[in-house]
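**Q** Before we start, here is the structure in question, set down as structure tokens.
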Amino acid sequence: MTRHHGFTLAEVLITLGIIGVVAAITMPVLIQNYQKKATAEGVKKAYVELNQIIDRAKADYGDPSGWDYYEKENLAKWVQTYIEPYVNVIGRNDSCAANKRCLGLSLYYPLKFSKPGSVNTNIGQYIITKPGVPVAYAFFRYDGIVTRVRVYIRNPKKYAFVGKDVFTFVFKTQDKNLTFRPYRPWTRNEVYDKDVLLGTGEGACNPKAAGGNNWTPGDACSGLIMLDGWKISKDYPW
């Protein structure tokens, strides 16, 4: 008599159970690693695109040191002149008040707030949206010399966090080489010595960082990603 060897129902169920447990353990890690990689690539793309915009504006208007920065309150005019012609704009808002969703964008919050709603958030004075990545740009002007842009890498349904969904770059008229750059792009040694990016300085890439002086926890995260070769490191506060 020929005997057919096979698995019992119990053995099949046990095997499936083990596979399910392994999948439950590994899938979140794989998804998170993918999100980190996509985020770092998005930050790099935003950096490249912002400076491609500046390069094209230079070709039309000359060196940025000679550009018209208008009065502090007229940031929209600066954006319309030097930014908007070089971006595929699909929506714009010249003035977006605090705690107000503009153009369908989620309100963004500092990296340190795990429960959104506990801070008075200002989306910005001027927003440009476009398809793809980045999703949108929110421009600000302060001290009359610094233009800050917070770039939406993604637009979550509820809340966007600085350092995870939104990343900060600055254009400072006092810089020798006028381009958009990450906020506080120090070296790694300086990061740890001066408590800037990973420490407790204003706008640092750390949930425990201080806020104030126009900066919020997570603003320096774009600089940290750049320092790490456009990657999200193990000590990154994800």
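**Q** Within the stretch 29-52, take every residue that is hydroxyl-bearing (Ser, Thr, Tyr) and touching a residue at least 60 places away in the same chain (Cβ under 8 Å) and give me the one that is least open to solvent (accessible area, probe 1.4 Å).
**A** Thr39
**Q** If you don't mind, there's one more thing I want to ask. Taking the condition open to solvent by less than 100 Å² (accessible area, probe 1.4 Å), of a type outside the set (Gly, Ala, Ser), more than 30 Å from Lys164 (Cα to Cα) and modelled with pLDDT of 75 or more, does Asp55 pass?
**A** So Asp55 fails the test.
**Q** Can you tell me which of (1) open to solvent by 10 Å² or more (accessible area, probe 1.4 Å); (2) at pLDDT 75 or above is the one Trp186 doesn't meet?
**A** Tallying (1) open to solvent by 10 Å² or more (accessible area, probe 1.4 Å); (2) at pLDDT 75 or above, Trp186 fails exactly one: (2).
**Q** Continuing with the same structure: Take the stretch 123-142 and flag every residue that is in contact with a helix residue (DSSP H, G or I) (Cβ under 8 Å, 6 or more places away or on another chain) and surrounded by fewer than 18 Cβ atoms within 10 Å (Cβ to Cβ).
**A** Scanning the stretch 123-142 gives a single hit, Val133.
**Q** Which number in (1) open to solvent by 10 Å² or more (accessible area, probe 1.4 Å); (2) modelled with pLDDT under 90 marks the one condition that Arg154 misses?
**A** (2)
**Q** Within the set of pairs 6 or more residues apart or between chains, which connect a residue that is more than 11 Å from Pro131 (Cβ to Cβ) inside the stretch 81-94 to a residue that is at pLDDT below 90 and small (Gly, Ala, Ser) with Cβ atoms less than 9 Å apart?
**A** Arg92/Ala76; Asn93/Gly124; Asp94/Ala76
**Q** Specify the residue that is least open to solvent (accessible area, probe 1.4 Å); the eligible residues are those in the stretch 81-102 that are at pLDDT below 85 and in a loop (DSSP other than H, G, I, E, B).
**A** Checking each candidate, the answer is Cys102.
**Q** Gln35 versus (1) at pLDDT below 75; (2) closer than 30 Å to Leu224 by Cβ: which is the lone unmet condition?
**A** Failed condition: (1).
**Q** Scan the stretch 59-80 residue by residue and report those that are within 25 Å of the chain's Cα centre (by Cα) and assigned to a helix (DSSP H, G or I).
**A** Pro64, Leu75, Ala76, Lys77, Trp78, Val79, Gln80 - these are the residues of the stretch 59-80 that are within 25 Å of the chain's Cα centre (by Cα) and assigned to a helix (DSSP H, G or I).
The values are calculated or read from the model by the stated rules, or taken from the named source; none is laboratory data. Predicted, not measured: the structure shown is a model, and the values here were computed from it. Note: ideal-geometry Cβ built from the backbone for every residue, glycine included; neighbour counts use all protein chains shown. Accessible surface is based on the protein model in full, side chains and every heavy atom, while ligands, DNA and RNA are left aside. Shrake-Rupley method; radii C 1.70, N 1.55, O 1.52, S 1.80 Å.
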